[in-house]
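To start, the structure under review is shown below, and the notes come after it.
The values are calculated or read from the model by the stated rules, or taken from the named source; none is laboratory data. No experiment lies behind these values; they were computed from the predicted model shown. Cβ coordinates were reconstructed from backbone atoms using ideal geometry, including for glycine residues, and neighbour counts include every protein chain displayed. For the accessible areas, the whole protein counts, side chains as well, though only heavy atoms, and no ligand, DNA or RNA atoms are used. Shrake-Rupley method; radii C 1.70, N 1.55, O 1.52, S 1.80 Å.
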Amino acid sequence: MTTGRGDLVGIARRGPVSDALGAALGWAAPVSVPDLAAPAGDAAWHDAVADWRRQVAGQVRPARGVVVAALEADLVPEPIDEVDPQRWQQSFGRPFVRWFTALQLAADLCADGGSIVVVLDRPSSLDAAGCGATVALAEGIATAARSLAQATGPRGVRVNTVTTPAHTHDPTAALAGSPPPLAGYPGDVATHVAGAVRLLLTPDAAAFTGATFHADLGRSWA
Amino acid sequence: MSTRTVVVTGASGGVGEGIALACAEAGWRVWVLARREAEGRAVAAAVDAAGGTGRYLACDVGDRPSVAQAIDAVVAADGELHGAVHNATSGRSSLPIPMLDLTPAELADHARVSVDGLVHLAQACLPHLEATGGALVALTSEAAFEGKLRLSAYAAVKAAERGLARTLAREWGPQGVRVNCIAPLASSPAMVDAFERDPTMAARVLGRIPVGRLGDARADIGPVVRFLLGDDARYVTGQTLMVDGGSCAIA
């Protein structure tokens, strides 16, 4: 597996979003998190994930930092009362475990004093109707990133989160009468996300850790 | 406040029991949904003693058919449903584990009870809550805002529940159903267990509470849930009330 210039690692699913982010930030091919199911029980599942983490950590050592992003595709809006159990596991359950695995790997890879940035798909608060799985995943993983910041803080590793609606925006989701979004909404990854990530990777962001920044042109305020 | 029928998941003890008893004090019909039968039936009996009508149903919130069957049984018995409270959490909730050591199975278990359980409860209850203009309350935690060094899975699923509840509030508002969260800080068997495992946690938690004590599940937490389920909260939806003695300075 390759890491571009070797000083920045991306952990992401290949696709338009991660490709755009990777091109803007300078990683050639991201590390992909395998969808490791439970083939023969919980112990086998744990062993498979642990083995994968060890394998990757033995091959990759970024000097500048790690970006975890764009792990999911097919973020289709669906009201909660219409989601069947299989679809829910595809939209939340399995991604939730994959994201945690990705965060654990990011901590494994990040050198002392480095920076981890998590980029999450998240509809803005005003546009969240019908996006229960995506919002639940984003809120959960943003909190997980904050927990990771506490875990890695003692060795100087900062962990911050940038959320973006660029991949999930559904213009029909907002209630009639909601204020119109600002020009440029929902934004694009290369323009509105990469710059924020770049900043958070630098010493200029030394005071930020455990923070979440919504790159949604002001459409979320909490 | 007229008699209502409400369900409380994970109400065989702790905060869930406190919520059930607070609802009983208003004379409500309270259904205790839990896996532990002996404890659940004891709480149902306590609901009777507190002025309500208490009944127990075996229910695994992580299993969609189990939840659907429970809600069907409630509505078959009482004819209606006014409120639902999702209090159940994984039995691992108070077990401290470093984040980097969490296993996929542990993560999946937390998600199954807290998040999948909320989805199952929401799906089963919606048509009945829509008929009565009812409400759903989900229990989140200050951990959802702060993150937790050794309870990261618990913190993450509590944040996920909060996000899901806010989304449901926007989806269901037009249908007349309100959805809110509370973030309680109360003494409970799980809290006592956590303090015994980590005595320094007790000092940290109590030392940061402006009112100087843990909340009581029945006297401090339950009435807030009762309020959110009732008519006085008719204009409150999509909110998270911090019921924690000021511990987490969010706003």
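If you sort A:R146, B:R4, B:R41 by accessible surface, 1.4 Å probe, largest first, the order is B:R41, A:R146, B:R4. For A:H214, the amide hydrogen comes within under 5 Å of the amide hydrogens of A:T163, counting only partners 5 or more places away or on other chains and with H modelled in the peptide plane. Residues considered: B:T89, B:T132, B:T53. Largest GNM mean-square fluctuation over chain B, using C-alpha springs under 10 Å, is found at B:T132.
How many partner chain Cβ atoms sit within 10 Å of a residue's Cβ in peptide A:118-129, on average, as a whole number? Don't jump to the answer; show the numbers that get you there.
Values: counts 0, 0, 0, 0, 1, 1, 0, 5, 1, 1, 9, 9.
Neighbouring Cβ atoms belonging to other protein chains average 2 per residue here.
The H on the amide N of B:G54, modeled in the peptide plane, is under 5 Å from the matching H of B:V30, B:D48, each at least 5 residues off or on a different chain.
Taking θ as phi - 60° and the Karplus parameters 6.51, -1.76 and 1.60, the scalar couplings of region A:200-211 work out to 5, 7, 9, x, 4, 9, 4, 8, 9, 7, x, 9 Hz in sequence order, x denoting glycine and proline. Contact order, relative form, for chain A: 21 percent (alpha carbon pairs under 8 Å, 6 or more residues apart, mean separation divided by residue count). Per residue of chain A, the DSSP helices (runs of n ≥ 4 H) give a summed -39500 (n - 2.57) that works out to -10500 deg cm²/dmol at 222 nm. Across peptide B:142-148, the average count of Cβ atoms from other chains found within 10 Å of a residue's Cβ is 5. Out of the chymotrypsin sites (Phe, Trp or Tyr not before Pro) in region A:119-222, which ones are loop residues according to DSSP with at most 10 other C-beta atoms within 10 Å? Of the chymotrypsin sites (Phe, Trp or Tyr not before Pro), the ones in loops of region A:119-222 whose Cβ has at most 10 other Cβ atoms within 10 Å are A:W221. Between the chain alone and the structure with every protein chain in place, find the residues of region B:151-176 that drop at least 30 Å² of accessible area; heavy atoms, 1.4 Å probe. At a threshold of 30 Å² (probe 1.4 Å), the residues of region B:151-176 that become less exposed are B:A156, B:A159, B:A160, B:L164, B:R166, B:T167, B:R170, B:E171.
Per residue, how much accessible area does the protein assembly as shown show when a 1.4 Å probe rolls over the protein heavy atoms, in square angstrom?
Values: 18000 Å² over 473 residues.
With all protein chains present, the protein assembly as shown gives 38 Å² per residue.
Protein heavy-atom surface of the protein assembly as shown, 1.4 angstrom probe: 54% of the accessible area is carbon and sulfur, with nucleic acids and ligands not counted. Measuring nothing but how far apart in sequence close Cα pairs (under 8 Å, 6+ apart) lie, relative to its length, chain B scores a relative contact order of 20 percent.
What total accessible area, in Å², is buried where chains B and A meet, using a 1.4 Å probe and rounding to the nearest 100?
Values: alone 10880 and 10410 Å², together 18000 Å².
By this definition, chains B and A bury close to 3300 Å².
Given R0 = 56 Å, the distance between the Cβ atoms of B:D216 and A:T202 translates into a calculated FRET efficiency of 0.70. Using θ = phi - 60° in the Karplus curve 6.51 cos²θ - 1.76 cosθ + 1.60, the 3J(HN,Hα) couplings for region B:208-215 round to 9, 8, x, 7, x, 7, 6, x Hz; x is entered for Gly and Pro. Measuring with a 1.4 angstrom probe and ignoring ligands and nucleic acids, A:H169 comes out at about 60 Å² accessible.
Between the alpha-carbon centres of region B:61-109 and region A:51-123 there is a gap of 24 Å. Here the Karplus relation 6.51 cos²θ - 1.76 cosθ + 1.60, evaluated at θ = phi - 60°, turns the backbone of region A:48-54 into coupling constants of 4, 5, 4, 4, 5, 4, 5 Hz, with x for every Gly and Pro.
Run the helix sum for chain B: -39,500 (n - 2.57) per DSSP H stretch of 4+ residues, divided by residue count, reported at 222 nm to the nearest 500 deg cm²/dmol. Spell out each step's value before the answer.
Working: 10 runs with 114 residues, N = 251.
One gets -14000 deg cm²/dmol as the mean residue ellipticity at 222 nm.
Highest mobility in the GNM of chain B, judged by mean-square fluctuation with C-alpha springs under 10 Å and restricted to B:L21, B:L129, B:L100, is found for B:L100. Shielding of peptide B:118-125 by partners, expressed as the average count of other chain Cβ atoms within 10 Å per residue Cβ, is 3. Note on A:E82: accessible area approximately 120 square angstrom, rounded to 10, probe 1.4 Å, nucleic acids and ligands left out. Where is the GNM fluctuation largest for chain B (alpha-carbon springs, 10 angstrom cutoff): B:P104, B:P189, B:P96? Comparing B:P104, B:P189, B:P96 in a Gaussian network model of chain B, the most mobile one is B:P104. Near the amide H of A:I116, within less than 5 Å, lie the amide hydrogens of A:V66, A:R158, A:V159, A:N160, all on another chain or at least 5 residues away, with H placed in the peptide plane. Would you check the accessible area of A:R64, probe 1.4 Å, heavy atoms only, in square angstrom rounded to 10? Only protein atoms counted, so the area is about 70 Å².
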